[in-house]
Amino acid sequence: MVLLAAVFALLFWGWQQDWTDDAPAEREAPAIEPPRRVPVDPPSPPPAKDPPAQRAQANLASYFTEDDYPTEAIRKEEQGAVAFVLAVSPEGRVTACRIATSSGSAALDGATCRILRSRARFRPALDERGQRVPDEMRGRIKWVLPPG
């Protein structure tokens with residue numbers, strides 16, 4: 001009986017092997033490669049504007065007096081430095097003023113641009129041919145509370 005069971009097991013095992021060998025082999029799905037990244041150069045920055053051959057010139061501190069100190073800033077005891085950027089026309093006039101670094105006081109920042117727009121006059125910037133050109137001027141004014 002044991003012999004019969006062993007023969008039966010061998011036959012069954014052999015039949016199972018034959019049956020699985022005849023079955024179509026499962027195919028693995030073809031590997032799909034992810035799309036390749038094509039290196040792209042970053043967009044180039046706009047061309048740098050060459051500074052004029054001769055920059056606009058002015059003595060900016062001469063436009064400020066103690067009388068210009070804003071009353072509100074005196075009352076609040078505010079003081080500090082204001083860094084600014086001015087756009088200067090070919091005629092030497094301030095066409096725009098932007099605060100680059102605030103003093104922390106809106107009154108002092110506002111007074112800085114108001115005074116520079118109304119009073120500042122520049123010797124115009126010149127290109128290499130001696131023609132007047134627009135320019136940009138950066139500066140800093142330190143506001144210190146007047147005595148008394």
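The values are calculated or read from the model by the stated rules, or taken from the named source; none is laboratory data. Just so it is clear, the structure is predicted and the values come from calculations on it, not from any experiment. In this analysis, Cβ positions are derived from the backbone assuming ideal geometry, glycine residues included, and neighbour counts consider all displayed protein chains.
Scanning the stretch 84-99 for residues that are in contact (Cβ under 8 Å) with a residue 40 or more places away in the chain and either in contact with a helix residue (DSSP H, G or I) (Cβ under 9 Å, 6 or more places away or on another chain) or surrounded by fewer than 16 Cβ atoms within 10 Å (Cβ to Cβ) (or both) returns PHE84, VAL85, LEU86, ALA87, GLU91.
Name the residue, out of ALA61, ALA100, that is of a type in the set (Gly, Ala, Ser), at pLDDT 95 or above and not in a loop (DSSP other than H, G, I, E, B). Selected residue: ALA100, the only one of ALA61, ALA100 that is of a type in the set (Gly, Ala, Ser), at pLDDT 95 or above and not in a loop (DSSP other than H, G, I, E, B). Of the residues that sit in the stretch 100-148 and are surrounded by 17 or more Cβ atoms within 10 Å (Cβ to Cβ) and of a type in the set (Ser, Thr, Tyr), which one is nearest to the chain's Cα centre (by Cα)? Here the residue is SER103.
For the stretch 103-126, a residue qualifies if it is assigned to a loop (DSSP other than H, G, I, E, B) and more than 23 Å from ASN59 (Cβ to Cβ), and the qualifying residues are GLY104, SER105. Within the stretch 129-148, being in a loop (DSSP other than H, G, I, E, B) and either in contact with a Phe, Trp or Tyr (Cβ under 9 Å, 6 or more places away or on another chain) or not small (Gly, Ala, Ser) (or both) holds for ARG129, GLN131, PRO134, VAL144, LEU145, PRO146, PRO147.
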